[in-house]
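Following: one structure in structure tokens, then a few remarks.
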Amino acid sequence: MSFEKEKEVFDKIYQGINGYSISQRGRSTMDTTDTKFLIYGEVSFAELLTIVENSGIKNQFNGLTTFCDLGSGMGKSLIGAALICPYFKRIIGVELVPTLYESSLGSVQQLAQTNKKLANKIKVINGNFLKLNFSKPALSPNVIFMHYPMHGTGVEELYLQLEEKFRKELKPGSIIISAIRKLSSPEAFPEILSPICVQCKYGNATIFFHKKV
Ligand SMILES: C[S@@+](CC[C@H](N)C(=O)[O-])C[C@H]1O[C@@H](n2cnc3c(N)ncnc32)[C@H](O)[C@@H]1O
């Protein structure tokens, strides 16, 4: 499918909005202990389309209903998932930087002007995803998207903390789509497809596809 109309909607929503400066402005007002993992980077509509349509991952979504982007920035993956993946009933974003969170709310409102039904599927939370309990029925995602920088002090610890949460809080069969880095426990989270490469503004990013056993 070409998704030309959906791309038009997406591009109109994000026209002239710069996530990097919105993130910078928000981080400059935050406690520096909170900001070390908050480096911004984003996926475009074309990259999302490649991930969903060309990787084969769509065939694994059978019966999976709830998409969640852990660190949803200005909501590009949320709007993209709503437009590209009609089978998702709920789409959740969690973003700690308040300016990015506010920007994503604006994007959802804009989507509502074109398609209220799609916009109503999206919920964005302003908070730290490490402090949420994903086993709660109000969250309970079964498709996770995660996208953080490859390097930086403590980034390995962030992945380990997330893996621990996934072990405890995600249902078996949940899919975890991880950009840049793969999860470290192949027994708990085997890769289910070959990784693919997408081009982000900051350079090439490898996308890894895992399933919780
Ligand atoms: C590389 S960006 C990815 C943005 C979006 N997922 C995308 O792909 O377009 C990572 C995002 O995660 C957010 N983030 C990092 N750690 C977080 C945490 N503990 N809780 C909530 N958001 C976090 C950052 O502020 C940033 O917006």
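The values are calculated or read from the model by the stated rules, or taken from the named source; none is laboratory data. What you see is a predicted model, and the numbers here were worked out from it, not measured in a lab. Positions of Cβ are generated from backbone atoms using ideal geometry, with glycine treated the same way; all protein chains shown enter the neighbour counts.
Taking each residue of the stretch 139-158 that is touching a residue at least 24 places away in the same chain (Cβ under 8 Å) and looking for partners that are of a type in the set (Phe, Trp, Tyr) with beta-carbon atoms closer than 6 Å, six or more apart or interchain, yields 143/67; 158/37.
Taking the stretch 88-103 as the range and being more than 9 Å from the ligand (Cβ to nearest atom) and not aromatic (Phe, Trp, Tyr) as the test, the residues that pass are 89, 90, 91, 92, 98, 99, 102, 103. The residue list 55, 44 contains one member that is at negative phi, polar (S, T, N, Q), under 18 Å from the mean Cα position of the chain (by Cα) and within 12 Å of the ligand (Cβ to nearest atom), which is 44.
On the given criteria, is residue 24 loosely packed, with under 15 Cβ neighbours inside 10 Å, touching a residue at least 12 places away in the same chain (Cβ under 8 Å), farther than 27 Å from residue 166 by Cα and out of contact with any strand residue (DSSP E or B) (no Cβ under 9 Å at 6 or more places or on another chain)? Yes.
For the stretch 148-197, which positions are in a loop (DSSP other than H, G, I, E, B) and within 14 Å of the ligand (Cβ to nearest atom)? Working first, answer last.
Keep residues of the stretch 148-197 that are in a loop (DSSP other than H, G, I, E, B), which gives 148-154, 170-174, 180-190, 192-195.
Residues satisfying the conditions are 148, 149, 150, 151, 152, 153, 154, 180, 181.
I'd like the full set of residues that are more than 10 Å from the ligand (Cβ to nearest atom) and under 25 Å from residue 40 (Cα atoms), limited to the stretch 59-78. Passing the criteria: 66, 67, 68. When 121, 117 are screened for being within 17 Å of the chain's Cα centre (by Cα) and more than 16 Å from the ligand (Cβ to nearest atom), only 121 passes. A count restricted to the stretch 21-58 and to residues that are modelled with pLDDT of 95 or more and aromatic (Phe, Trp, Tyr) stands at 1.
Yes or no, residue by residue, for (1) surrounded by fewer than 18 Cβ atoms within 10 Å (Cβ to Cβ); (2) under 19 Å from residue 65 (Cα atoms); (3) under 14 Å from the mean Cα position of the chain (by Cα):
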residue	(1), (2), (3)
92	no, yes, yes
96	no, no, yes
99	no, no, no
103	no, no, no
111	no, no, no
127	yes, no, no
142	no, yes, yes
158	no, no, no
161	yes, no, no
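For the stretch 159-177, the set of residues classified as of a type in the set (Asp, Glu) and over 23 Å from residue 43 (Cα atoms) consists of 164, 169, listed by residue number.
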